[in-house]
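Colleague: Take this structure, written in structure tokens, and hold onto it; I'll ask about it next.
The values are calculated or read from the model by the stated rules, or taken from the named source; none is laboratory data. Everything numeric in this text was worked out from a predicted model, so none of it was measured. Counting neighbours? That spans all protein chains shown, and the Cβs are built from the backbone with ideal geometry, glycine included.
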Amino acid sequence: MDKKEALKQIKAGNFSLADADEKLKADKEVVLAAVKQDARALQYADKKLRANKKIVLVAVKQYGVSSALQYADKKLKADKEVVLTSIKQDASTLEYADKKLKADKKFILTAIKQNASNLQYADDSLKKDKEVVLTAIKQNASNLQYADKKLRANKKIVLTAVKQYGGALEYADKKLQGDKEVVLAASKQGEDFLQYADEKLKGDKEIVLAAIKQSSEALQYANDKLKADKKFILTAIKQNASNLQYADDSLKKDKEVVLTAIKQDGSALEYADNSFKKDKKIVLAAVKQFGKGKGYDYDKSPLAHADNSLKKDKQIVLEAIKQYGGALEFADDSFKKDREIVLEAVKNSSHAIDFADDSFKEDKEIMLVVIKRKLALYYARENSQKDPDILAIINKEQTSDKERAKLLEAFEFLVQQIAKGLKEAFDDDEDIALDYAIPSKENFDLVITRDSEGEDGMYNITLDLNEYESDDYEQIAYSGGGSELSDFEGIIQHFIANGGRIEELFTYLVKEK
């Protein structure tokens, strides 16, 4: 391959300097073009060109390519401009700098000001330097971990770190992890400091209370004696009911403690002793409280943790689904066939239809409630999808006339183009994953991609309707597996379920049948 052809192939992205002959590897213009395409090409360049400052600067300026500096000539690894340019893109490349440069205090201070984590690559002598270490931890307290052992035992330096980030206590000397002043300072700046405190301080009420104010997870690191202290646990639960999970088992059997927790947050029933999960009064109190003023946490429904006998109790189930309709999932199967229960559940959350008996997807009253709450036809059975009252809601509330017309035009074009071009684009060479850009129309773009090779390849068809200049509105028309896309009816159904949801597209589906 001659130079002219090599430059042409580089521009097209079809050239690897690794496979070039020695003449091309020594050609400045070719190597410069190659490293502009991929900085890692520098490793295959002739030795003289790896000592060329202009070429190396081009390589190290490339964002996201962290390895280029390591291929530079030793002389350039000691060049301040080259190294600073490299670490500006990626701090970790300081690792490849010349040892003398990593021992240069003025240079390292400059490097640290660019990125505080550069302290880790500094010479050991500078990791003992207070000015250097303080400069690094003032930018990012976690850099205390790279300081010399003696400085990690220096109270002033450690206090500077933990006052910024409590978790920096992890890197402090063991003696300072037992210093109450240091640990209290850490408690005011972060939620994960307690696990690194000395065991004695994990039993200190002042410190543990400060910790659980920062995080409900902190109580797990307190010592066992404190976790069994009823008065302390009641205080902790009043701060956050989920602290019950870390209380001693004896307190999880204490009615006062459990009631205090579930009155704060019904989801705390999960952590109570099993005996309370069989207690109707306790469970009822939990489901009545659940989510008040806090929104709903799907996995935390008290009904999920109630004894099976109470999941058959209509009073409890009704109360639970009034708080959150999706709690129907945890009710006894008999209630999933109970129309009164299902209707109440979908009034609260359309998502509850997922847990109801399939027969209710043909129940017009119930499906109208679902569609009004969440405009998605995939919840409905085929007959409900065709129901004019349901479609009227979709057409009126989901999309404007203009949007519907635009979607229909786009989708008809989509089907035509898939039929015309997809087989040619993908099936002739299944070993290569391709992006196939279908010719765009004026008011939308359509792109088909396949994310892996062969029969396991997944197709993704995207309609970008260009609704807004700054924030394009996209419809994901199809995502499915296999090496062919012959089932266009399935594509259209998927589009209706996850994007279109309009009558005209449904009519188009019927026509295709």
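Colleague: Could you tell me which of the residues S216, S301 is over 24 Å from D198 (Cα atoms) and either of a type in the set (G, A, S) or in the same structural domain as D338 (by TED's automatic domain parsing) (or both)?
Modeller: S301
Colleague: Now, a different point. List the pairs whose first member sits in region 97-114 and is closer than 24 Å to A141 by Cβ, whose second member is outside any helix (DSSP H, G or I) and among the acidic types (D, E), and whose Cβ atoms are under 7 Å apart, counting only residues at least 6 apart or on separate chains?
Modeller: K102/D123; K105/D129
Colleague: Considering every residue within region 232-246, establish whether at least one is outside any loop (DSSP other than H, G, I, E, B), without any contact (Cβ under 8 Å) to a residue 24 or more places away in the chain, more than 16 Å from E191 (Cα to Cα) and not assigned by TED's automatic domain parsing to the domain that holds E270.
Modeller: No, region 232-246 contains no residue that is outside any loop (DSSP other than H, G, I, E, B), without any contact (Cβ under 8 Å) to a residue 24 or more places away in the chain, more than 16 Å from E191 (Cα to Cα) and not assigned by TED's automatic domain parsing to the domain that holds E270.
Colleague: Let me ask something else. When the residues of region 330-341 are narrowed to those that are over 16 Å from K361 (Cα atoms) and touching a residue at least 24 places away in the same chain (Cβ under 8 Å), which ends up surrounded by the most Cβ atoms within 10 Å (Cβ to Cβ)?
Modeller: Selected residue: A331.
Colleague: Which of (1) within 24 Å of I233 (Cα to Cα); (2) touching a Leu at 6+ places or on another chain (Cβ under 6 Å) does G178 not meet, given it meets every other one?
Modeller: It fails just one condition, (2).
Colleague: Could I ask something else about it? Do we find a residue being within 23 Å of I212 (Cα to Cα), surrounded by 20 or more Cβ atoms within 10 Å (Cβ to Cβ), aliphatic (A, V, I, L, M) and at pLDDT 95 or above anywhere in region 272-285?
Modeller: So far as region 272-285 goes, yes, one or more of its residues are within 23 Å of I212 (Cα to Cα), surrounded by 20 or more Cβ atoms within 10 Å (Cβ to Cβ), aliphatic (A, V, I, L, M) and at pLDDT 95 or above.
Colleague: Given the options K200, K188, K213, K174, name the one that is more than 22 Å from Y146 (Cα to Cα), surrounded by fewer than 17 Cβ atoms within 10 Å (Cβ to Cβ) and more than 33 Å from the chain's Cα centre (by Cα).
Modeller: After ruling out the rest, the residue left standing is K200.
Colleague: Filter region 1-35 down to the residues that are hydrophobic (A, V, I, L, M, F, W, C) and surrounded by fewer than 12 Cβ atoms within 10 Å (Cβ to Cβ), then identify the one that is nearest to A68 (Cα to Cα).
Modeller: Result: A18.
Colleague: Can you spot a residue in region 97-110 that is crowded, with 20+ Cβ neighbours inside 10 Å and closer than 25 Å to Y196 by Cα?
Modeller: Checked region 97-110: no residue is crowded, with 20+ Cβ neighbours inside 10 Å and closer than 25 Å to Y196 by Cα.
Colleague: Looking at (1) touching a residue at least 24 places away in the same chain (Cβ under 8 Å); (2) charged (D, E, K, R); (3) closer than 30 Å to K23 by Cβ, can you tell me which one K54 breaks?
Modeller: (1)
Colleague: Counting just the residues of region 315-355 that are among the acidic types (D, E) and either under 17 Å from H305 (Cβ atoms) or in contact with a helix residue (DSSP H, G or I) (Cβ under 7 Å, 6 or more places away or on another chain) (or both), which one comes out modelled with the highest pLDDT?
Modeller: D332
Colleague: Hey, another quick one. Can you find, within region 258-270, the residue that is nearest to the chain's Cα centre (by Cα) among those that are of a type outside the set (D, E, K, R) and surrounded by fewer than 20 Cβ atoms within 10 Å (Cβ to Cβ)?
Modeller: Restricting to residues being of a type outside the set (D, E, K, R) and surrounded by fewer than 20 Cβ atoms within 10 Å (Cβ to Cβ), the top hit is Q264.
Let's see how each residue does on (1) modelled with pLDDT of 95 or more; (2) within 34 Å of the chain's Cα centre (by Cα):
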residue	(1), (2)
L94	no, yes
A97	no, no
A116	no, yes
K128	yes, no
E131	yes, no
G166	no, yes
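Colleague: Take the residues in region 119-167 that are part of a helix (DSSP H, G or I) and among the hydroxyl-bearing types (S, T, Y); name whichever of them is nearest to L194 (Cα to Cα).
Modeller: Here the residue is S142.
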